[in-house]
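Structure first, then comments.
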Amino acid sequence: ACGSNAADKKEDKAGNSEDGLKIAIVTSPSGVDDGNFNEDNYNGILKFIENNPTATVKSVKEPTGDPAAAVQAVADIVADYDVIVTPGFQFAGVSSIAVENPDKIFIMNDTEPAPVDGQTEFDNIYAMNFAEQESGFFAGMAAALETKTNKVAVVNGIAYPSNVNYQFGFESGVNYANKVYGKSVELVELSGYAGTDVTGADVGGNYAGSFADEATGKVIGNALIKQGVDILFVAAGGTGNGVFTAAKEAKNDVKVIGVDVDQYDDGSNGSENIVLTSAVKFMAMNIEKSLNSVADGSFKGGNVVLYADTESTGFIKEEGRHQLSEDTLNKLNEAYELVKDGTIVPASNFNGNTPEEFPGL
Amino acid sequence: MSKDKKKTSLSYRLFWPIRNEKWQPITIPVVSILVSFIVAAIVILLLGKNPIQAFYNLFQGAGIFPKATYAGYKSLLTDFLSLLDAMTPLVFASLAVAVALRAGLFNIGVSGQMLFSGFLATIIVGYSGLDAIIAKPLVLLIGMVAGGLMGGLVGWLKYKFNIHEVVTTIMLNYIAQYVISFFIHMYYIDPVSRQSKYITEAARLTLVNVEFANLKMDIPLGFILAIVVAIFIKFLLDKTVVGLEIKAVGSNRDAAKYTGIKVGSNMVLAMIISGGLAGLAGVTYYLGDFASIQPKVLTSIGFDSIAVALLGNSHPIGIIFSSFLVSIIDQGSTYMSSQAGIRQEIASVIIGLILLFSACGAYVKHKVSRLKEKEVDRKDSES
Amino acid sequence: MSDYIVEMKQITKRFPGIVANDDVSIGIKKGEIFALLGENGAGKSTLMSILSGMYEPDEGEIYIRGEKVQISSPNHAANLNIGMVHQHFKLVEDYSITENIILGVEPISKFAGLFPYVGIRNANRKVEELSKNFGLEVDPTKKIADLTVSMQQRVEILKVLYREAEILIFDEPTAVLTPQEIEFLLGIIEGLRNSGKTIILITHKLEEIKKVADRCAVLNKGKLIDVLDVKTTSVNLMAQLMVGREVNFESEKAPAEFKEEVLKVEQLTVKNEDGFEVVKDVSFTIHSGEIFAIAGVADNGQVEIADAIAGLTKASGGKIFLNGQDITNDSIRNRTESGISYIPEDRQRFGLFLDFDLSTNIGSKQYYKKPFSNKGILNKQEFDQFGSQMIDKYDIRSGQGIKTQVRSMSGGNQQKAIIAREIELQSPLMIFVQPTRGVDIGAIENIHKMMIEQRDQGKAILLVSLELDEIMNVADTIGVIYNGQLQKVASSESLTTNEVGEYMMGAKHE
Amino acid sequence: MDTIIIDGLSFALPLFIMAIGGIYSEKSGVTNLALEGFQGFGAFIGAMSAVLIANASGAAIEDMFYVALLFAMIGGMGFSMIHAVLSIKFKANQVISGVVINILALALTTFLTTQINALVFGAASDKFRLGVSERFTIDGLANIPVIGAVFTDVYPFEVIIIVIAIFAWYVLYKTKFGLRLRASGENPQSVDAAGVNVYKIRFSAVLISGMLSGLAGMCFAYSISAQFSSGIYMGYGFLAIAALIFGNWRILPTLAACLLFGFAKSGGMFIAQAMALPSSFTDLFMILPYVLTLLLLIFFSKSNRAPRALGEIYDKGKR
Ligand SMILES: Nc1ncnc2c1ncn2[C@@H]1O[C@H](COP(=O)(O)OP(=O)(O)OP(=O)(O)O)[C@@H](O)[C@H]1O
Ligand SMILES: Nc1ncnc2c1ncn2[C@@H]1O[C@H](COP(=O)(O)OP(=O)(O)OP(=O)(O)O)[C@@H](O)[C@H]1O
Ligand SMILES: [Mg+2]
Ligand SMILES: [Mg+2]
């Protein structure tokens, strides 16, 4: 959540500079100031502009969140930019615009481009996905190692692959801690909120069914806390705010683990903070990287999944931004290396592993 | 002294169109639109941006003025057609509000009626694989019937049980939202988009990506219908027995009853027509502009249409113009925000301002008629 | 200083398309009853609205007790001890009598010495006292909605007295009252004068003026014609000044020729909303060529009989035949079609669409038929043409002709529009409920003439009226109602006014 | 089971106070569809003031609870001025004015939130983050079976609302202002004839509705997410209107309607959880309050009646 002023300055410059890279970011209704997913992507662009001062960025908000409208919004502006960044699954359909505009470059995050006439990879689309299960895994471990009640839970928005990945990763992490460190931590699920993934399979978990329903988030949070859960992994966008509030109001040492970006600031509760740590994907860094490749001409289209081996997934361990114990932190760091070198492969939505059975367990 | 006179006569002439009662239904909205653009311009100036450019961008984005560059397969024409596409449901929805209003009823359930009819048409026709020639008319029919039924229910509950239509429509909005969300989740979900599965092209009321002269256009079939229906509604209200009865019920229920008009059935009828129009809005929205339904989301069109209807003086032709204007601002706002670097919310603020100022139309009229009286007085005393 | 308590000098008030008061100057002496007389729309109500602060005059000056004032609001008027009893009562139906009276001048008590609240109980007592002092007994806790019209009027008068008004304006106070109530009210008014108050009385009834007023101003089309000393002026002269021609008080009519039976009511019973029988077992017949009048004190079921025949209320028992056909359960529309015209009692509520223009209102009983419409399509021209004809034929006066919004027309002209519409239906049965309420004498004469004309053309007419004079004047047959039952049905020649009065009061039965 | 009561109350009471605001406005004769906008704008001003004051004074945001409530009331009142001026002074159509205000509130507050955050904190965040509200439990009373839940985990604002509601009841039904206000909605001419300024009465009534709605909005903001964002516009303003119509424009029956909504809502959630059905079914239970309302209205609506002059533009000249 920094540097929007800088952004304004950049926008001001837009009028004069003719030669710089023209970048647009088109986002979901929550916009680039959501302090979360979108903002992290945006920050990547701003970082790039810092080093390439002739480049400019404009942010555009698509107000409905409907995939068709999302594509339309991109189509409306595509002519005026060189690079379009679209964070969010609802922009998958932008591939058709990419085909029609081969001279433009598209950077997608959190989705693969929708097939166009059977084609799934495009020269001018760089689609990145992250191995959320890895970040989730660390969250699960942290939760299992820090819980006092031995009950933990994960709350999600909608069972999109990214969310299911987080969930399965989290469950993998809990099971790992149980097995390796002799814990007996229980995963709590409210049966009314089981999720259904994109193939229609029941994946369990606690899904609010929306990323923007704070009230339901709070209800779920309260219900879980009532069942004795003291650490909640919250991967639910705006719905997550409700869970945070429930945890804050509970006052009996309930902690949450943030998601996607460092959510420590969201956790402040008077003199305390409820955020244990955050399971993150380093999106800004990767956005910046791909913009660099555009700038230096090395850009290559393709659909990639980014893992810990490129430092793209992980958790927050900076001093003062987490509340993990020394011991837990060490154990997480050990596990991180194992994940990085492929010894541990936590379950994801579609990698064939399950939270109960995955390499490294 | 003579200078003074000149001044009055100049301002007199300048304001003549507002003074002339015949033109007031047109001049007053136009003036309020101008005023609101001026106020919006001041806001934009305060933000340190150039209002003229911003407005120009707005109209560019909406497909009224040409953009500097166009991406592949796009042109002014394609943008303009998208504008009409987006405007179509708004016209229907505003007509729905207007018809109910004429009968003295306040339909704030347009969104729910849209959702219900859109949903029914989607599951009955949208997934059926019927040929376009059958599917498209069928979609319209189902939309009208479904919306009409839901509207009729509101009217009937009012007539039979004296349940205020505002409550009924609010409750039905929620009920439709949740129940349809349930059915979508249970049976029609597209697991990827988390919306209802996309409908077949054949059932769609917008012909998408029609290639023509190296352009890809979305052709809103519903738009023509919207214009025809607006004219028909005008005719219905102004020139027919049914229209007179509806207006009579709206004007004075007791007198209508005494005149021999069946008040109850006219209320139900007005709500059926209103609901039917909302249904058309629903199908042109969910099966036209879009091709699937987001669960648990009510479109804001249903509420915007109340204001649009009133901006159009509850008059069908006025509604075409007011929806056109509001759609321009709506559609152009993305482009404006990307070009001028002005937040999109400014567009909503402009819409709000326009409506705000036109809401004062009655006051302007009142003031003007006062002025006129005084003018007459002065002339009288002079002569 | 003049001896006038109120002086209005050169008052002019304009409304769009009309000058309601044109350079009117009048002076009113303390302690007199000053009457205002004039045709409908002559500007009486407007002039008094100006005096009571409802309107501001465009030109002219007002002096109260010799001091020049600009009366800017009713409140200001009240401070000058001016109070107006409006023709259309300004009462909150849901409130009790006391609440209505104290509205605006509420006495405040304190709860626990801290929380102020409206001291209803004290006020009740004060209102009761006041009402006794002036002979206007009311139960202060009763709701307005449960009161008869005359009771509501008492409340209006009490309202003014509660504010200690010295100058009281009555706008057509008698239009809605029964003869007995009128008698009573005039007594009250005289009593008020005798206790030193100044009274301004607007009325269309010359005999009332003759009876109580000291002086009388005559207005015509906004202009002051003359101020007369009532004692020395004949009723005929007053009427002549007001209408601008000679007026016949006794309607001339040829002897009735009854032909076939048109309406037959058999053992009709009607219940009101609370399930109470307001019409009990009423039977009568009306023939072609007959004016049948129902006489009675207000609220004795006469309006319900008319409503039941027209279909506005359901009959809970009995049968209604029109031209031999049973119409008891027909819809309103069907009854209109089978041949019923109906002039309702409450013209603004039932008779008119105030926001529609005059021509639409005049055509509103025939719009669904040729030539007003064809296959569901309206013919606007026909409406306008018909409207214009009616304006001429019935002398309906308004600012903008057929395009006038009916709301802006004076009460009397609104009534004329309804009468025109209903008579032109040419129905075999015409029901007139209080057709001349609030209508000036010239117009009354016309209405009576028209009724008789219709009768002579073979229509059957049911007249419901509270005015005994009117009934004695035009009716061929009189049915007297009391407490929902017909006490007596007889030809008008065989009854005297006194007899009818006695039946009306329930003092005499068959 | 307790959750039903606890959550039900914390939802019903803000709804109730907003509905009371609606009653004031509508009883005075001004149709008020703008409640939704008032509550959102009020919450915006409340949250913004809390954040700014905390920032300026260095106080903790957690301690700004009452400041937020106070400013929310002021903010709601200020914003309601638009409705008052438009529909009373400018004689605008009250329905259009209400709808416009809702549109404007959403647009303005989302816009201003980011703008102010960017200006003051250098970060264009789309929300104002507040501290969570303390909740308290009255120990003795909380142990009573069933009823005890009423005294468990109570938000301070619930108490404030009840106090204000009682006061509002007293003002509306016992004072001269209330007497005049209700008369203005029934027959403004009579009020005018009594020498009372109808415009002033209606003006104050609309401002009161803005004030109470602002309070309600702030309470929602605290009880749901302890922050202000555009998520505050959830249609509760319309629900409050439904409640007051259901309650026949009277305060006590409206309370009953709000409690019905609150308990049916939390009850629906509870049943959905307790029955352990797949998540899609949750939606079905969510319709409970609305279906119940309709069913109840079928039985209780016969004698309902809106204030006679509701929605009528009062014009002195018109009789
Ligand atoms: N507020 C108004 N706006 C427009 N015209 C009005 C208004 N008030 C009165 N008029 C017109 O002024 C004229 C005088 O009306 P006024 O009510 O004073 O008549 P009146 O003498 O009381 O008649 P009536 O005997 O029918 O009561 C009428 O033609 C009426 O149409
Ligand atoms: N909206 C309006 N526009 C114009 N004039 C109006 C309007 N409302 C009322 N008036 C005027 O107010 C006056 C009062 O009308 P109202 O019917 O109350 O009593 P009235 O004129 O005394 O009629 P009557 O005595 O015949 O019943 C009328 O003259 C009418 O012209
Ligand atoms: Mg009059
Ligand atoms: Mg009169």
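The value of relative contact order for chain C, using C-alpha pairs under 8 Å at least six residues apart, is 15 percent. Using every pair of distinct Cα positions in segment C:111-203, the Kirkwood expression returns a hydrodynamic radius of 14.5 angstrom. Straight-line cross-link partners of residue D:174 among the lysines, defined as a Cα under 24 Å from its Cα and at least 8 positions apart when in the same chain: C:90, C:110, C:126, C:142, C:143, C:159, D:27, D:200. Residue ranges D:144-152, C:196-204 sort as C:196-204, D:144-152 when ordered by packing (mean number of other C-beta atoms within 10 Å per residue, highest first).
First check a/c for segment A:282-361, with a ≥ b ≥ c the square roots of the eigenvalues of its C-alpha gyration tensor; if it is under 1.5, answer rounded, and if not, answer prolate when a/b is larger than b/c or oblate otherwise. The shape class here is oblate. The H on the amide N of residue A:195, modeled in the peptide plane, is under 5 Å from the matching H of A:203, A:204, A:205, A:207, each at least 5 residues off or on a different chain. Projecting label points 7 angstrom from Cα along Cα→Cβ for residue B:34 and residue D:147 puts them 6.8 nm apart. Restricted to Cα atoms, segment B:100-158 shows a radius of gyration and a Dmax of 13.3, 42 angstrom.
The simple Förster model, with R0 at 22 Å and r as the Cβ-Cβ distance, assigns residue B:124 and residue B:186 a FRET efficiency of 0.85.
Based on the alpha-carbon gyration tensor of segment C:44-110 and its eigenvalue square roots a ≥ b ≥ c, which shape applies: rounded if a/c is under 1.5, prolate if not and a/b is larger than b/c, or oblate? Judged from the Cα gyration tensor, segment C:44-110 comes out oblate (a/c at least 1.5, b/c at or above a/b). Projecting the Cα positions of C:217, A:122, C:122 onto the charge dipole of the protein assembly as shown (unit charges on Cβ atoms of Lys, Arg, Asp and Glu, taken about the Cα centre) puts C:217 furthest along the positive direction.
Taking the square roots of five times each eigenvalue of the Cα gyration tensor of chain C, the equivalent ellipsoid has semi-axes of 39, 28, 23 Å, listed largest first. Determine the relative contact order of chain D: mean sequence separation of Cα pairs under 8 Å and six or more apart, normalised by residue count, in whole percent. Over chain D, the number comes to 36 percent.
Averaged over the residues of peptide D:112-124, the number of Cβ atoms from other protein chains lying within 10 Å of each residue's Cβ is 4. FRET efficiency for the residue B:132 to residue C:67 pair, using the beta carbon distance and R₀ = 56 Å, is estimated at 0.10.
If you take every residue apart from residue A:215 with its C-beta less than 10 Å away from the C-beta of residue A:215, what net charge results, scoring Lys and Arg +1 and Asp and Glu -1? Net of charged neighbours comes to -1.
Dipole check for chain A: with +1 at the C-beta of Lys and Arg, -1 at the C-beta of Asp and Glu, and the Cα centre as origin, the magnitude is about 700 Debye.
Across the options C:283, C:302, C:328, the greatest Cα extent toward the positive end of the charge dipole of segment C:228-336 (unit charges at beta carbon of Lys, Arg, Asp, Glu) belongs to C:328. Sorting C:438-448, B:277-287 by average packing, meaning the other beta carbons within 10 Å per residue, from highest down gives B:277-287, C:438-448.
For every helix of n ≥ 4 consecutive DSSP H residues, a contribution of -39,500 (n - 2.57) applies; sum these over chain B, divide by its total residues, and give [θ] at 222 nm rounded to the nearest 500 deg cm²/dmol. Helix-only estimate at 222 nm: -24000 deg cm²/dmol. Scanning chain B for long hydrophobic helices, with DSSP H runs required to stretch 30 angstrom or more by C-alpha along their axis and to average at least 1.0 on the Kyte-Doolittle scale, returns B:24-46, B:76-102, B:132-161, B:263-284. Taking every residue in A:275-287 and counting other chain Cβ atoms within 10 Å of its Cβ, the average works out to 0. Quick check: from the Cα gyration tensor, does segment D:1-135 come out rounded (a/c under 1.5), prolate or oblate? Judged from the Cα gyration tensor, segment D:1-135 comes out oblate (a/c at least 1.5, b/c at or above a/b).
For segment C:25-59 and segment D:178-256, write down the distance between their C-alpha centroids in whole Å. If you average the Cα positions of each part, the centres end up 41 Å apart. Relative to the dominant Cα principal axis of chain A, helix A:326-340 is inclined by about 50°. Under a model in which nothing but the beta-carbon of Lys, Arg (+1) and Asp, Glu (-1) is charged, chain C shows a dipole of about 1120 debye around its Cα centre. Summed over both chains, the area buried between A and B is near 2500 Å², taken from the accessible surface of protein heavy atoms with a 1.4 Å probe. Between helix A:161-181 and chain A there is an angle of about 40 degrees, using the helix long axis and the longest principal axis of the Cα atoms.
Distance from the alpha carbon centroid of segment C:322-354 to that of segment A:141-196 works out to 76 angstrom. The residue list A:277, A:28, A:200 was ranked by how far each Cα lies along the charge dipole of chain A toward its positive end, using unit charges on Cβ atoms, and A:277 comes out on top.
A 30 angstrom limit on the alpha carbon distance is what I want to check against. Which of C:369/C:488; A:218/D:302; C:205/C:449; A:47/A:340 exceed it? Where the Cα-Cα span goes over 30 Å, the pairs concerned are C:369/C:488; A:218/D:302.
Screening chain D for whole DSSP H helices of 24 Å or more along their axis (Cα) with average Kyte-Doolittle hydropathy at least 0.5 returns D:2-27, D:35-57, D:65-84, D:94-116, D:156-174, D:198-224, D:251-275. Report summary: the helix-based calculation at 222 nm, which adds -39500 (n - 2.57) for every DSSP H run with n ≥ 4 and divides by the residues of chain C, gives -9500 deg cm²/dmol.
Each of the peptides B:176-188, B:102-114 was scored by the mean count of other Cβ atoms within 10 Å over its residues; in descending order, highest first, they stand as B:102-114, B:176-188. Inter-label distance, residue B:210 to residue A:121: 3.8 nm, where each label sits 7 Å from its Cα along the C-beta direction. Using a 1.4 angstrom probe on protein heavy atoms only, the contact between D and B buries about 4100 square angstrom of accessible area, both sides summed. Legend: mean number of C-beta atoms from other chains within 10 angstrom of residue C-beta atoms, peptide D:190-202, equals 6. The charge dipole of the protein assembly as shown, taken about its Cα centre with unit charges on the Cβ atoms of Lys, Arg (+1), Asp and Glu (-1) only, comes to about 4140 debye. The label point for residue C:59 and the one for residue C:276, both projected 7 Å from the Cα toward the Cβ, are 5.5 nm apart.
Counted over chain A, the DSSP beta bridges are approximately 20% antiparallel.
Distances between placed amide hydrogens fall under 5 Å for residue A:255 paired with A:231, A:232, all partners being 5 or more residues away or on another chain.
Computed from phi, the 3J(HN,Hα) profile of segment A:230-246 under the Karplus parametrisation 6.51, -1.76, 1.60 (θ = phi - 60°) reads 10, 9, 10, 9, 10, 10, 9, x, x, 4, x, 3, x, 5, 4, 4, 4 Hz, with x in place of Gly and Pro. Using the alpha carbons alone, the radius of gyration of the protein assembly as shown stands to its Kirkwood radius in an Rg to Rh ratio of 1.03.
What FRET efficiency would be calculated for the residue pair residue C:231, residue C:508, taking the C-beta separation as r and a Förster radius of 35 Å, to the nearest 0.05? According to the calculation, E is roughly 0.45. For segment B:176-295, dividing the convex hull volume of the Cα atoms by the residue count gives 135 Å³ per residue. Which percent of the Cα-Cα distances in segment A:95-241 go past 25 Å? Cα-Cα pairs of segment A:95-241 separated by over 25 Å account for 37 percent. Distances between placed amide hydrogens fall under 5 Å for residue A:314 paired with A:135, A:280, all partners being 5 or more residues away or on another chain. Helix A:132-146 axis versus longest C-alpha principal axis of chain A: approximately 30°, rounded to the nearest ten.
The values are calculated or read from the model by the stated rules, or taken from the named source; none is laboratory data. Since we're looking at a predicted model, the values are computed, not measured. Note that each Cβ is placed from the backbone with ideal geometry, even for glycine, and that neighbours are counted across all protein chains shown. In case anyone asks, the SASA skips ligands and DNA or RNA and just uses the protein heavy atoms, side chains included. Shrake-Rupley method; radii C 1.70, N 1.55, O 1.52, S 1.80 Å.
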